Structure formats: C-alpha cells, structure tokens
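Taking it in order: structure first as structure tokens, then the write-up.
The values are calculated or read from the model by the stated rules, or taken from the named source; none is laboratory data. Because the structure is a prediction, the values reported are computed rather than measured. Heads up, the Cβs are rebuilt from the backbone with ideal geometry, glycines too, and the neighbour counts pull from every protein chain shown. The accessibility values were calculated without ligands, DNA or RNA, using every heavy atom of the protein model including side chains. Shrake-Rupley method; radii C 1.70, N 1.55, O 1.52, S 1.80 Å.
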Amino acid sequence: MASVEKNSIIQISNTDVQYFFVDKKYFVLADEAVGNAKGTINLNYHMCEAPSDVRLVKEDNAIYTNYRGNSNVKLQCFSDHTITMNEKEGWQSVKYNEKTRRTSVSYDVRKTDAAPVRYITVIYPVTSVNEYPEIDARFTDGGYSNGKIGVEISVGSVKKRLECDITGVAD
C-alpha cells in the first residue's frame, strides 16, 4: 500500500480500488472491475439501522441517511457506464441468533466486453440532514491501464481534481 498526502488529500492504493480522504471531510473510492467475463458487475453497500432511516434516490444513484443524532451520510455512485441502482434484501445482527432488516443497495453495470467497468463512490458525512451537498464526479484519465487514475469531484461549488500514479501497486 502506498499513501500520499497532497493538498489536503490522502490517497491509499489497494490493487483495483483507490481511496481518497479529501480535506478531512469526505471519502472518494475509485473502483475498477477488470477481466474478460461478461455479465452484471455489482458494487454493493449496506447501511445500518432501520430501513426507514435511509432514503434512496435512484435517478441520482444516491443514498441519504436520517439516523438519530449527528452522524449521517450521503453516498453517491458514478460511472462512465450506465448504472442501475437496486435495493437488495439486507440484514444485520448485533446479537447471536437475532437479525434485523437493513437497507442494502447494489449499483449494477452491464459488462458486455473485456473493457473494465469503473465506479466512483463519494461518501460525504454530515452532522445535519439539512447539509447534504450536491455532488458530481467523473473520471478524467484514460483508464487504469495507463498506470494513472484521475477523478474530478464537485461538492457544492468546489471542484477538486484527484490524481495518482498506480504503477507498482501490488496485485
């Protein structure tokens, strides 16, 4: 694993996922699914608490939490492919032999050839559910195969460009 701090951005590399912690405020994950297999690629996220505390906005590929207290999050997913956001059956267990329902979401992309499928996930914590920002993200590189990753993130009116060299990251 390699990490670099640059302009208030901490970047960690781990094979096909790059993690960024931006301005000590929010997280950006860049995932790449590689290989010749065809079918549906799933990127899954599981939320805690009661499903009534989670709002899904499928047209924006976004999840908003409304938990008690000041620990909430907006999670939004982007891709250079068409994403279908699907709610899945989800469970959690905090006691042996007991389970409760929770929200689980799958971001699905149809993979029809050997080209990689890439996702950007932005996880933005907030202390008030009235503070959820508008978020947008896109890849700005030519694909991981060139040894670099580039992502442009817009949070509110602030744009950030995240870049890193991923050559030498162990498989």
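For the reader, a short list of remarks on this structure follows.
- Those GluC sites (Glu not before Pro) in the stretch 54-107 that DSSP places in a loop and that have at most 12 other beta carbons within 10 Å: GLU89, GLU98
- With both labels modelled 7 Å from their Cα along Cα-to-Cβ, the ALA37 to LYS148 distance reads 3.1 nm.
- Top positive-direction residue, dipole computed over the chain with Cβ charges, set ILE135, ILE83, ASN66: ASN66
- Most mobile listed residue (ALA33, ALA62, ALA114) in the chain, GNM with C-alpha springs under 10 Å: ALA114
- Figure legend: label point modelled 7 angstrom from the Cα of ALA114 along Cα→Cβ; residues of the stretch 18-60 with amide N under 14 Å from it are 34-38.
- Taking the 1.4 Å solvent-accessible surface of the stretch 60-102 as the whole, the part contributed by carbon and sulfur is 42%.
- Within a straight-line Cα-Cα reach of under 23 Å, LYS88 can be paired with the following lysines, leaving aside sequence neighbours fewer than 8 residues apart in one chain: LYS38, LYS58, LYS74, LYS99, LYS111.
- Taking only the alpha carbons of the chain, we obtain Rg and Dmax values of 16.8, 48 Å in that order.
- The residues of the stretch 56-171 have, on average, 57 Å² of accessible surface per residue, using a 1.4 Å probe with all protein chains present.
- Computed from the C-beta positions of VAL129 and VAL94, the FRET efficiency with R₀ = 35 Å rounds to 0.90.
- Fully extending the segment from GLU163 to PHE27, taken as 0.36 nm per residue of separation minus the present Cα-Cα distance, adds 47.5 nm.
- Efficiency of FRET between ASN66 and ASP136 - r from beta-carbon atoms, R0 22 angstrom, step 0.05: 0.45
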